[in-house]
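Novice: I'd like to ask you about the structure that follows.
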């Protein structure tokens, strides 16, 4: 049984993930086998209020998870860690010591809030030959998995549009905060290889179009007003498919991938694709500042 440590308790994810991994207070069809949360470091937060942080901490502790006073206390107690702080700005700080100590690491969304931080973590993981993984749970939505399973029927994806809420917070600038879900969904459909983006930005919404190296176009719509939802449309060789995403099982499906990495030592997603996603978000923000001018992801 893999022993998992949680780093950062300022998100409901620590409760939801512990429920599924430790098989407590949740239906059996949500259980994920092979790992348990055994210890965690709550930390502090610039996003979540103190009362919510205390509530999440009390709930996780009530599930039998040991609460430690410093993150380094987890080293030796656990086989793997999940960095869960909501702010991507602090992820480099908290993930770096575990990668340096040889501990397989999952970093919740957003991976970081800059390409520089993302590349530093990716390089550290490679230098130490340690698996490192980050993803929005939307990447593994059942609707996306079904589309992949039916690729022989649909043919190749020629273009895609994904959408999600895109609320803003200075600790996760621009699409890093919540729009990352739409960006991750788009990359799950299109794969890596985006060269440049252009962004139309308004207070209530933004639309980002990306041009891939092979000439395909993909876009995201991040919403900040009206009714919100998650979903996508894909234009394939043999079919156009529009799907709303049912979020009921996205945590379970993500955790299957996380535990699989902890067991095998092999990340389910190339970390360089995650670095590219960070570059997509950075470039979208630059394009918005330039009134929609096409902006390269790198260079």
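Rule-based calculations on the coordinates, nothing more; no lab input. Quick caveat: nothing in here was measured; it's all calculated off a predicted structure. Backbone-built Cβ (ideal geometry, glycine too); neighbour counts: all protein chains shown.
Novice: Let me know the volume per residue of the alpha-carbon convex hull for segment 124-250, in Å³.
Specialist: Spelled out: Cα convex hull of segment 124-250, divided by residues, is 141 Å³.
Novice: If only Cα atoms are counted, what is the Rg of segment 176-299, and what is its Dmax, in Å?
Specialist: 15.5, 46
Novice: For segment 25-84, just say rounded, prolate or oblate: build the C-alpha gyration tensor, square-root its eigenvalues into a ≥ b ≥ c, call rounded for a/c under 1.5, and beyond that prolate if a/b exceeds b/c, oblate if not.
Specialist: Cα axes put segment 25-84 in the oblate bin.
Novice: Using Cα atoms only, what is the angle between the long axis of helix 50-62 and the major principal axis of the chain, expressed in degrees (0 to 90) to the nearest 10?
Specialist: Value to nearest ten degrees: 60.
Novice: Starting from one equal scatterer on each C-alpha and no solvent at all, send me the Debye-based log10 I(q)/I(0) for segment 59-197 at q = 0.09, 0.20 Å⁻¹, two decimals.
Specialist: Evaluating at q = 0.09, 0.20 Å⁻¹ gives log10 I(q)/I(0) of -0.34, -1.24.
Novice: Right, next: What's the ranking of 285-297, 96-108 by average number of surrounding C-beta atoms within 10 Å, highest first?
Specialist: Most protected by this proxy first, the peptides run 96-108, 285-297.
Novice: Okay, next question. Working from Cα positions, state the angle (0 to 90°, nearest 10) between the long axis of helix 180-190 and the longest principal axis of the chain.
Specialist: 60
Novice: On each of the three principal axes of the Cα atoms of segment 131-206, give max minus min coordinate, whole Å, ordered largest first.
Specialist: 42, 31, 22
Novice: Add -39500 (n - 2.57) for each DSSP H run of 4 or more in the chain, then divide by its residues: what number comes out at 222 nm, to the nearest 500 deg cm²/dmol?
Specialist: -10500 deg cm²/dmol
Novice: Please work out the C-alpha center-to-center distance from segment 240-291 to segment 146-170 and express it in whole Å.
Specialist: 11
Novice: Rg/Rh for the chain: what does it come to with C-alpha atoms and Rh from Kirkwood?
Specialist: Result for the chain is an Rg/Rh of 0.96.
Novice: Relative to the compact-globule scaling 2.2 N^0.38 Å, provide the ratio for the alpha-carbon radius of gyration of segment 228-299.
Specialist: That works out to 1.51 for segment 228-299.
Novice: When the C-alpha atoms of segment 1-139 are aligned to their principal axes, what extent does each axis show, in angstrom, from largest down?
Specialist: Projected onto the principal axes, the Cα atoms of segment 1-139 cover 39, 34, 32 Å.
Novice: Which angle from 0 to 90°, rounded to the nearest 10, does the C-alpha axis of helix 91-100 make with the longest principal axis of the chain?
Specialist: Relative to the chain, helix 91-100 is tipped by roughly 60 degrees.
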